[in-house]
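Report on the following structure.
The values are calculated or read from the model by the stated rules, or taken from the named source; none is laboratory data. None of these values were measured; they are calculated from a predicted model. Neighbour counts are summed over all protein chains in view; Cβ atoms, including those assigned to glycine, are modelled from backbone coordinates with ideal geometry.
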């Protein structure tokens, strides 16, 4: 028996643009999406917030599914979609990792249920992550030829169709993405009518702008699935009121600042070194001791700048990430003095805030790409950042943004380390 045709779609933009409900699989990605949307937004760590959401603001929810078994991750997405039903329906966005990690195939299949089509565009030009021929590239190198998945149990997928196995994907080349809007709309419709889902190539923000604009023209039946790059394109396309200006930072010099570095990225070592030059106390933690819960933090000096990190000298520990993040988050929550927090790695961010009982963040700004500065309901300042983001000065830039007094020390350090003239 033939499948019924997909519901008709309209090329005309809606008279009233719907509010956005975005679902993320980890906390740093949720924060990145919240900032990318640009307007008033709530960032929730509680999927129960999906029910009864008012259309006065966009909503981003961290479903915290990256570590779950695929069936459980898919169930979380389905449950969230049921809770998000409203009249008029919201514009749905599914945030995924630009390196295709997590339960991508299972979550995408659940997200596609009831949609005319899902537009798949995980490119992130700001981090030099592009999609060409349906293959994700990192700095021009195909993802499966990099070591980006070294901490995963599996090998990196060779293409988007492979990453989304079980969901029929049709790639769209750049020349079509960059053609007239009517031609891109027609290609999206053609692929949807065949029962498949369009995956347009993208190298630039302009490419993602064209993708987002086409999906908006075709209506909410075309759901968006992508990284922070596509979320930013959606934010640029939607005429939203400006987010309220953040209140001025009060004097925080006497509040401890705690960095919890949960990433296995090699660059974290150099990032931490830039902080220790300023006098930050670095506490490297043996992963076995962290997992066993036998670590006791040394007494804190106040005010203090402290960095907790997992000692990665023994190499990555595939499959151990969630257990280590949970133990590290519980340890960080015991740090005295109610410190402001800088949390790298989505799982580390989530487990630390869970241990502290924090269920909501109010995004205030972005210190650098992906480093989102937020405030908790009780006034604590929190910066979240994906583990793979940021240059060697990333943590230093975050420290100076949260503690401007450090700027003078930073300038002095640069002067002391300046090479002598030739």
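Does residue 131 satisfy being under 19 Å from residue 388 (Cα atoms) and either in contact (Cβ under 8 Å) with a residue 60 or more places away in the chain or over 20 Å from the mean Cα position of the chain (by Cα) (or both)? For residue 131, the condition - under 19 Å from residue 388 (Cα atoms) and either in contact (Cβ under 8 Å) with a residue 60 or more places away in the chain or over 20 Å from the mean Cα position of the chain (by Cα) (or both) - is met.
Please find, among 375, 350, 380, the residue that is more than 20 Å from the chain's Cα centre (by Cα) and modelled with pLDDT of 90 or more. Step by step, each of 375, 350, 380 is checked, and only 380 is more than 20 Å from the chain's Cα centre (by Cα) and modelled with pLDDT of 90 or more.
Answer with yes or no whether residue 323 is modelled with pLDDT under 85, part of a helix (DSSP H, G or I) and surrounded by fewer than 21 Cβ atoms within 10 Å (Cβ to Cβ). Judged against the criteria, residue 323 is a match. In the set 230, 224, 275, 208, only one residue is touching a strand residue (DSSP E or B) at 6+ places or on another chain (Cβ under 7 Å) and modelled with pLDDT under 95; that residue is 275. Selection of the stretch 54-77 for residues being closer than 30 Å to residue 127 by Cβ and either out of contact with any helix residue (DSSP H, G or I) (no Cβ under 8 Å at 6 or more places or on another chain) or part of a helix (DSSP H, G or I) (or both) yields 57, 69, 70, 72, 73, 74, 76, 77.
Yes/no per residue for (1) out of contact with any helix residue (DSSP H, G or I) (no Cβ under 9 Å at 6 or more places or on another chain); (2) farther than 18 Å from residue 263 by Cα; (3) not assigned by TED's automatic domain parsing to the domain that holds residue 333:
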position: 351; (1), (2), (3): no, no, no
position: 358; (1), (2), (3): no, yes, no
position: 368; (1), (2), (3): no, no, no
position: 379; (1), (2), (3): yes, yes, no
position: 384; (1), (2), (3): no, no, no
position: 402; (1), (2), (3): yes, yes, no
position: 405; (1), (2), (3): yes, yes, no
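Only one of the listed residues (121, 84, 117, 105) is surrounded by fewer than 21 Cβ atoms within 10 Å (Cβ to Cβ), under 27 Å from residue 240 (Cα atoms) and in contact with a helix residue (DSSP H, G or I) (Cβ under 9 Å, 6 or more places away or on another chain). That residue is 84.
Within the stretch 363-385, the set of residues being more than 14 Å from residue 35 (Cα to Cα) and outside any strand (DSSP E or B) comprises 376, 377, 378, 379, 380.
Filtering the stretch 279-299 to residues that are closer than 11 Å to residue 310 by Cβ and touching a strand residue (DSSP E or B) at 6+ places or on another chain (Cβ under 9 Å) leaves 283, 284, 285, 286, 287, 290, 295. One residue stands out among those in the stretch 145-169 that are surrounded by fewer than 18 Cβ atoms within 10 Å (Cβ to Cβ) and touching a residue at least 12 places away in the same chain (Cβ under 8 Å): the one that is farthest from residue 105 (Cα to Cα), which is 150.
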